[in-house]
Amino acid sequence: MFQHSPRPPHQRDRSIPTRPLWRLSWFCVALFVSASAHAAEIYRWVDENGVVNFTQQKPKDVQAEVIGKPTNRRVSVAETAPAPAVPLAAQDEQKLTDEQQRILDDLKTAEMNRQAALAEAKATNCERARKVLTNLTKIGRVRVVAEDGTQTVLPEEDRQARIQAAQEAIAVNCAG
């Protein structure tokens with residue numbers, strides 16, 4: 001059976017001291033664990049101007065709330081962004097004065113009219129784009145009348161470009 005015997009002192013590699021490296025690595029691990037275990041608390045408080053502040057030291061002469069201990073994780077912008085404002089329609093409308101209620105009703109009516117006009121314009125544009133596409137695809141050679149009354153044949157590249165534009169208009173105006 002083969003037994004491992006230590007190298008003789010004259011054959012040992014003394015270029016890398018192993019014990020000091022192990023001691024150093026254990027020291028670093030212990031230091032890291034103790035530092036994270038004793039991390040300072042985070043305090044939240046509001047100053048006299050209404051600004052919310054966060055500190056690791058408890059402020060003097062101010063009511064502060066302990067909100068936790070710091071972490072090493074990164075915080076995304078979405079997590080720190082303020083909450084979206086509550087829309088006016090979702091607020092309690094009984095708190096409005098009569099004048100404010102009238103203005104709100106007028107705004108709602110104007111928005112409904114705007115939405116109806118937009119839907120009508122989209123329907124008209126949809127119908128027009130479908131007619132243009134039908135005309136461009138049915139006819140092989142398209143004649144174009146200029147402002148001075150002269151007629152020319154539309155080049156094939158221009159015809160294809162107009163077909164593409166009509167298809168895009170249909171996609172925008174005829175959807176849903």
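When the test is whether a residue is open to solvent by 40 Å² or more (accessible area, probe 1.4 Å), over 30 Å from residue 118 (Cβ atoms) and not in a loop (DSSP other than H, G, I, E, B), residue 134 does not pass it.
Pairing each residue of segment 139-164 that is closer than 19 Å to residue 128 by Cβ and without any contact (Cβ under 8 Å) to a residue 12 or more places away in the chain with any residue that is of a type outside the set (Val, Ile, Thr) and surrounded by 10 or more Cβ atoms within 10 Å (Cβ to Cβ), provided the two are 6+ apart or on different chains, yields C-beta distances under 8 Å for 144/154. In the set 128, 159, 141, only one residue is of a type outside the set (Gly, Ala, Ser) and open to solvent by less than 60 Å² (accessible area, probe 1.4 Å); that residue is 159.
The values are calculated or read from the model by the stated rules, or taken from the named source; none is laboratory data. Being a predicted model, the structure only gives us computed values, none of them experimental. Don't worry about glycine lacking a Cβ; one is built from the backbone with ideal geometry, like all the others, and counts go over all protein chains shown. These accessible areas exclude ligands, DNA and RNA; they are computed on the full protein's heavy atoms, side chains included. Shrake-Rupley method; radii C 1.70, N 1.55, O 1.52, S 1.80 Å.
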